[in-house]
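The values are calculated or read from the model by the stated rules, or taken from the named source; none is laboratory data. Since the structure is predicted, the reported quantities are computational estimates derived from the model, not experimental observations. Because the Cβ atoms are built from the backbone with ideal geometry, glycine has one as well, and the counts that use them run over all protein chains shown.
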Amino acid sequence: MRLKDRFARLIAATGPISLAQFMAESNARYYDSRDPLGSAGDFITAPEISQMFGELIGLWLADLWDRAGRPAPVHYVELGPGRGTLARDALGAARRFGLTPNVHFVEASSALRAVQRGHFPDATWHGDLSSLPEDAPLLIVANEFLDALPVRQLVRTAQGWREHMVGLDGDRLVPLAGPRPMDAAVPPGFADAREGAIIETCPAAATVIDEIGRRLAVQGGGALIIDYGRTEPATGSSLQALRAHEKVDPFAWPGEADLTAHVDFSILPAIAQAAGAQWMGTLEQGAFLTALGLGARMEALARAAPAQSGAIRAAAHRLAAPEAMGALFKVMALGGPDWPVGAAF
């Protein structure tokens with residue numbers, strides 16, 4: 001049965017469901033049933049655009065590890081590693097500087113695990129962070145992982161704040177305001193927002209950052225959280241859906257389109273710090289990659305492959321230019337309390 005039909009039957013029988021439930025079940029079905037990446041899929045992430053992205057992340061990790069005294073053993077952990085492209089490029093670059101960590105992937109999709117296993121047969125897979133090893137420092141990378149976690153939305157109505165739910169309009173799934181007052185859950189700064197205003201939160205992302213922070217506080221290590229989002233509080237819905245590289249109605253194709261929402265980087269540092277981790281800073285992706293030497297790496301690759309120089313320069317532009325991914329995407333760095341601050345921060 002299509003997930004849309006199952007949702008429709010559930011809502012007809014028991015009433016509207018929360019947006020968080022809709023997004024969680026939709027993405028669980030979506031990711032477990034396909035490889036969504038690449039031109040034949042629904043979207044392309046930075047590691048698939050160019051090897052430069054993963055290589056620079058690998059160099060960042062290797063430099064941090066080196067300045068921390070080269071602890072051994074050490075674990076590389078990637079959340080939502082896709083096809084394993086980022087891990088391949090990052091670990092390849094890190095290896096040149098002596099960093100050869102144990103590899104751990106946090107991946108729920110059986111389809112993507114199969115692809116990853118082809119590249120990393122000796123890796124260890126986890127359904128969530130709870131089963132990660134506790135015996136050594138962690139070098140954690142999460143690229144476009146938090147944006148796919150379910151969000152909760154509150155909407156200001158004429159009667160006050162209500163939770164955004166998903167209901168039925170004929171045979172269409174549509175967003176609507178729930179019946180229960182939610183004014184007590186609204187942050188003070190937004191209490192008097194205009195009618196129609198939407199506040200978006202992601203409890204799942206907060207849980208992930210708390211777990212990362214607690215582990216870094218105890219085990220040491222570093223983490224790069226890379227995603228698109230904002231660094232200042234704001235109102236409005238950022239929920240979107242991609243299907244065949246086109247934006248579509250988020251409620252039209254549950255389980256058959258990629259559902260995402262912007263990450264609120266304005267609240268994540270405090271969560272990590274409360275868990276005992278060090279917040280190194282948050283940068284725009286363009287500034288981060290440029291500081292790590294994107295320009296020099298681009299020139300080296302262009303010289304080595306003159307026939308591909310145009311594509312190489314275009315990829316670097318796409319990764320770092322403000323009008324492309326450079327400003328919308330952010331990079332947040334965390335570390336163990338006694339670990340050095342990472343390059344660029």
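Summary of values
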| read-out | value |
| --- | --- |
| Within region 270-293, tally of residues that are aliphatic (A, V, I, L, M) and surrounded by 18 or more Cβ atoms within 10 Å (Cβ to Cβ) | 8 |
| One residue from Leu99, Leu64 being over 19 Å from the mean Cα position of the chain (by Cα), of a type outside the set (Ser, Thr, Tyr), assigned to a loop (DSSP other than H, G, I, E, B) and buried (at least 16 other Cβ atoms within 10 Å of the Cβ) | Leu99 |
| Those helices (runs of 4 or more DSSP H) lying entirely in region 232-345 with at least 3 residues in the same structural domain as Glu211 (by TED's automatic domain parsing) and closer than 26 Å to Thr207 by Cβ | 268-274 |
| Filter result (over 13 Å from Ala20 (Cα atoms) and buried (at least 19 other Cβ atoms within 10 Å of the Cβ)) within region 153-166 | Val155, Arg156, Trp161, Arg162 |
| Residues (out of contact with any helix residue (DSSP H, G or I) (no Cβ under 7 Å at 6 or more places or on another chain), on the phi < 0 side of the Ramachandran plot and part of a strand (DSSP E or B)) located in region 197-223 | Ile198, Glu200, Thr201 |
| Residue count, region 167-211 (criterion: aliphatic (A, V, I, L, M) and within 24 Å of the chain's Cα centre (by Cα)) | 7 |
| Ile267 vs. criteria surrounded by fewer than 20 Cβ atoms within 10 Å (Cβ to Cβ) and over 21 Å from Ala333 (Cβ atoms) | no |
